[in-house]
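Every read-out reported here was derived from the displayed coordinates using simple, explicitly stated rules and does not represent laboratory data. Just so it is clear, the model here is predicted, and its values are computed rather than measured. Glycine also receives a Cβ, built like all others from the backbone with ideal geometry; neighbour counts cover every protein chain displayed.
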């Protein structure tokens, strides 16, 4: 029986966990966060959470195509998960991102325009004499 097995962590380091992609993320250092997250996805290829988290990082970096690939992959992994029931919040996040990607693929906007009866922006009060 063969297969890919991640190398054990170096002494003093722990193995990658599903929630490691978004640890200590700084918006001005997205490339480093993506590199770390790529390593987590490689170490945990059957876990949906790292794919979902990397989709968020790609989206923040402006790479919607890569974000959508990860969103669809995370949704597929959740569908194939047979062991434990997945975290409902993770399922909701993955489904939301997947639906947004489907909207983008159809050329539909992700947000709706303001309603016609929406209030206008606040205006400063007139000065009283």
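A few notes on this one:
- The number of residues in the range 91-110 that are surrounded by 17 or more Cβ atoms within 10 Å (Cβ to Cβ) and under 17 Å from residue 19 (Cβ atoms) comes to 4.
- Residues in the range 31-46 that are surrounded by 14 or more Cβ atoms within 10 Å (Cβ to Cβ), more than 13 Å from the chain's Cα centre (by Cα) and either in contact (Cβ under 8 Å) with a residue 24 or more places away in the chain or closer than 20 Å to residue 97 by Cα (or both): 40, 43, 44.
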